[in-house]
Amino acid sequence: MQKFILPVLIISIAGILYFMYFKPSDGLGSFTDFDTNNNATRDIIVELVKDKGVIRNRESGGTIFYVLDKNGTEMKVQGPFDLPPGMDSAPTIVLNGHLTTEYFCAHGVGLRN
């Protein structure tokens, strides 16, 4: 019986850590989870602000658009020039990037499955 206590305890702690911290969320993400001093890229699920549209700049090779997180925070996004088709009609999109003090720098933009 004592041989099973430690493995069960370790598995329980690992499960709790996974479900509380590392499990991907199905809902919208929050920009407050990002640190402006950290350039590590992470995914966030957001909603596109369709009223402001998408501005493409061929000279810089990028795009500018606006999104909302789960807290209703509107954030400017500077993203890649090539965006996925159907992004305008998607209920949510996935951004991969990092937060600066002025905008979200998206290295990748995708649609949710």
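Structure data summary
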quantity	calculated
Charged-residue dipole, Cβ positions (Lys, Arg, Asp, Glu), the chain about Cα centre, Debye nearest 20	300
Region 19-93: relative contact order as a whole-number percent, Cα under 8 Å and 6+ apart	29
Degrees between helix 2-17 axis and first principal axis of the chain (Cα, 0 to 90, nearest 10)	10
With at most 14 neighbouring Cβ atoms within 10 Å, loop trypsin sites (Lys or Arg not before Pro) (DSSP) excluded, longest segment of the chain	1-57
Rounded percent of accessible protein surface that carbon and sulfur make up, region 30-113, 1.4 Å probe	43
Sparse-neighbour loop sites [GluC sites (Glu not before Pro); region 1-79; at most 15 other C-beta within 10 Å; DSSP]	59
Most positive-pole-ward Cα, 18, 60, 71, against dipole of region 15-85 from beta carbon charges	60
At 1.306 mPa s and 10 °C, Stokes diffusion of the chain via Kirkwood alpha-carbon radius, µm² per second	101
FRET efficiency, 1/(1 + (r/R0)^6) with R0 25 Å, evaluated for residue 103 and residue 18 via beta carbons	0.20
Residues of the chain: accessible area per residue with a 1.4 Å probe, Å²	70
Computed lengthening from residue 8 to residue 60, 0.36 nm per intervening residue step minus Cα-Cα distance	13.3 nm
When the convex hull of its Cα atoms is projected in every direction, mean area for region 58-113 (nm²)	4.2
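The values are calculated or read from the model by the stated rules, or taken from the named source; none is laboratory data. Bear in mind the structure is a predicted one, so any value in this text is a computation, not a measurement. Ideal geometry is used to build each Cβ from the backbone, glycine not excepted, and the neighbour counts take in all protein chains shown. Protein only, heavy atoms only, side chains kept; ligands, DNA and RNA dropped before computing areas. Shrake-Rupley method; radii C 1.70, N 1.55, O 1.52, S 1.80 Å.
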